[in-house]
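Undergrad: Provided herewith is a single structure, encoded as structure tokens, for subsequent inquiry.
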Amino acid sequence: MSTRIVRPRATLRKEPRQARSRATVEAVIEAGARILSEQGWAGFTTNKVAETAGVSIGSLYQYFPDKVSLVGAIRRRHLDDSLTAVRLAGAGDIPLKDFVAGLVDNLIAAHTLHPGLQRVLLDEAPGMDEFWEQNARIEADYMACFTDIAAAYRVRRGGVDDETMGVIISDTIDGVIHNAARRGRLEDVEIRNELVRIIRLYLAEG
């Protein structure tokens, strides 16, 4: 295992201040996510991204100095989308049965927009080292949500602590959804229903 320490760098060359600039950045990130999802890292070029986004290559380079920085922004948005999906499920506000169904549906939806993206980000695209700090912050928030879910819904108070239970729930959901995305089965209703059943049973009996 590498122990190399990499200094994190900013994803953007400069921050967009005006609405038009923010729209340009969002268009570039969306186009990049689509190309990564459909063509993989081998087909990912800044020229393709600029053309798909409908912006000049110069406009792209105003904000993203290279492909790796753009992948960092795409990865961050994907993590943000997953975090938002968990928060929108409304832990603690609705019954367990409805909550778990909503949680799983939200996370599947977050991965369905660009179904090939997760595989490319995990298996092909570089950038994890360069942006480890920002990814770690989002990951910490994500895991804190699952700790809160365990605290809100677990039926039995003995056994493992809420944090450990949250890790198991998160890893189970992520593992099933990520592998379903790899296999082209994100919209498989049976997989969705079985995942919901597993999480409900774990919270009720774990």
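The values are calculated or read from the model by the stated rules, or taken from the named source; none is laboratory data. Everything numeric in this text was worked out from a predicted model, so none of it was measured. Methodologically, a virtual Cβ is constructed for each residue, glycine included, from the backbone with ideal geometry; neighbour enumeration extends over all protein chains shown. With ligands, DNA and RNA removed, areas are computed over all heavy atoms of the protein, side chains included. Shrake-Rupley method; radii C 1.70, N 1.55, O 1.52, S 1.80 Å.
Undergrad: Under 8 Å for C-alpha pairs, at least 6 residues apart: give me the relative contact order for the chain, rounded to a whole percent.
TA: The value is 24 percent.
Undergrad: Quick one: pull the percent of accessible area on the chain belonging to carbon and sulfur, 1.4 Å probe, ligands and nucleic acids left out.
TA: After summing per-atom areas, the C and S share lands at 51 percent.
Undergrad: Going by average Cβ density within 10 Å per residue, which order do the peptides 99-111, 55-67 take, highest to lowest?
TA: Per-residue Cβ counts within 10 Å, averaged per peptide and sorted highest first, yield 99-111, 55-67.
Undergrad: Another question, then. Comparing Val120, Val189, Val49, which has the greatest mean-square fluctuation in the GNM of the chain with Cα pairs linked when under 10 Å apart?
TA: The residue with the greatest mean-square fluctuation here is Val189.
Undergrad: Counting Lys +1, Arg +1, Asp -1, Glu -1, what net charge surrounds Leu79 among other residues with beta carbon under 11 Å of its beta carbon?
TA: Overall, the nearby charge balance is 0.
Undergrad: Taking Cα Rg over 2.2 N^0.38 Å as the quantity of interest, determine which of (i) 1.12; (ii) 1.22; (iii) 0.96 was computed from the displayed structure.
TA: Matching the structure shown: (i).
Undergrad: Relative to the first principal axis of the alpha-carbon coordinates of the chain, what is the inclination of helix 162-182, with its axis defined by its Cα atoms, in degrees from 0 to 90 and to the nearest 10?
TA: Approximately 60 degrees, to the nearest 10.
Undergrad: Taking the Cα centre of the stretch 99-206 as the origin and placing charges on Cβ (Lys, Arg +1; Asp, Glu -1), which of Ala152, Asn179, Thr112 is farthest toward the positive end of the dipole?
TA: After comparing all options, I get Ala152.
Undergrad: Expressed as a whole number of Å, what is the distance separating the alpha-carbon centroids of the stretch 186-206 and the stretch 145-182?
TA: Here the two parts' Cα centres lie 12 Å apart.
Undergrad: Looking at the square roots a ≥ b ≥ c of the eigenvalues of the Cα gyration tensor of the stretch 105-206, which shape do they give, rounded for a/c under 1.5, prolate if a/b is larger than b/c, or oblate?
TA: oblate
Undergrad: Where only protein heavy atoms count, and the probe is 1.4 Å, what is the accessible area per residue for the stretch 49-117 in Å²?
TA: 42
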